[in-house]
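To start, the structure itself, in structure tokens.
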Amino acid sequence: MEQMNGDTSQLQLWLQLHRDGDPTAKDEIIARSCQRLRILAQKIMRSQYSRLSRWEQTDDVLQTAVIRLHRTLATVQPDSVAGLLALGAQQIRWTLLDLIRSHYGPQGAASNHDTAAHLSDGQNPINRIASEDAEPDTLEEWTAFHEAIEQLPEDERQAFSLTYYEGLSQAELAALFGVTDRTIRRRLTAAKVQLGEALRGDRQ
């Protein structure tokens with residue numbers, strides 16, 4: 001927690017300089033974000049998109065995500081470290097989703113080689129998830145899961161992303177967002193309920 005507080009203070013300083021127009025701030029923010037983004041990319045590819053490693057390496061995913069983040073920071077100025085971390089997680093998520101569509105789409109090379117990545121029963125993959133606590137177990141279900149996260153309201157999406165992808169505790173989230181633990185719990189509960197509905201195909 002102490003190390004995180006130190007990193008947070010440094011990042012907050014560079015974010016403020018970025019908002020003030022310091023031309024060197026963006027590169028410093030990217031440099032300080034790279035290791036965290038690499039760990040995040042490795043985690044998702046290893047636990048959820050392991051088949052993608054046949055076609056893409058972690059460093060390739062990282063490079064694309066960093067380029068995305070660099071471009072985004074040209075027009076978006078996160079007002080907090082929490083916002084920056086969530087933005088970084090979003091770039092990793094978008095990069096992986098694009099790669100999945102590219103490799104496993106109808107014209108993708110992987111779709112003709114890795115038949116295990118597709119469902120065989122013809123059902124909508126998200127409808128196979130029976131409860132809010134169930135996790136996806138196919139490539140298509142994981143893709144639907146990450147896409148559903150994108151549809152969450154901003155507060156819920158940031159809280160869930162930083163918990164699920166970054167592994168931050170509720171106390172760390174509360175400190176980053178400057179809110180109470182109760183607020184974080186409420187946001188996480190709302191996010192899980194909405195994801196559960198989306199993944200079961202219950203959203204109206």
Worksheet item: Consider Pro136 against the criteria (1) modelled with pLDDT under 90; (2) outside any loop (DSSP other than H, G, I, E, B); (3) surrounded by 14 or more Cβ atoms within 10 Å (Cβ to Cβ): it satisfies all of them except one. Which criterion is unmet?
Response: (2)
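Looking only at the range 145-167, filter to residues that are in a helix (DSSP H, G or I) and among the charged types (D, E, K, R); which one of those is surrounded by the fewest Cβ atoms within 10 Å (Cβ to Cβ)? So that I can check it myself, show each step before the final result.
Let us first name the residues in the range 145-167 that are in a helix (DSSP H, G or I), namely 145-150, 154-164.
Of the ones still in play, those that are also among the charged types (D, E, K, R) are 147, 150, 154-157.
Details: Glu147: 13, Glu150: 12, Glu154: 9, Asp155: 16, Glu156: 20, Arg157: 19.
Within the range 145-167, the match that is surrounded by the fewest Cβ atoms within 10 Å (Cβ to Cβ) is Glu154.
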Practice prompt. Output the residues belonging to the range 168-204 that are modelled with pLDDT of 90 or more, of a type in the set (A, V, I, L, M) and outside any helix (DSSP H, G or I).
Written response: Val179
Worksheet item: In the range 16-27, how many are crowded, with 17+ Cβ neighbours inside 10 Å and either of a type in the set (Gly, Ala, Ser) or farther than 13 Å from Leu69 by Cβ (or both)?
Response: 1
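State all residues of the range 79-96 that are within 14 Å of Trp14 (Cα to Cα) and either of a type in the set (Ser, Thr, Tyr) or assigned to a helix (DSSP H, G or I) (or both); if no residue qualifies, say none. Explain how you work it out, then say what you get.
First, pick out the residues of the range 79-96 that are within 14 Å of Trp14 (Cα to Cα): 79-85.
Selection gives Ser80, Val81, Ala82, Gly83, Leu84, Leu85.
Working only within the range 176-192, note down all residues that are more than 21 Å from Gln90 (Cβ to Cβ) and not charged (D, E, K, R). Even if it seems obvious, please write down each step before you answer.
Step one: filter the range 176-192 for residues more than 21 Å from Gln90 (Cβ to Cβ), giving 180-183, 185-186, 189.
Residues satisfying the conditions are Thr180, Thr183, Thr189.
The values are calculated or read from the model by the stated rules, or taken from the named source; none is laboratory data. As the structure is a computational prediction, the values presented were derived from the model and not from experiment. Positions of Cβ are backbone-derived with ideal geometry, glycine not excepted, and every protein chain shown enters the neighbour counts.
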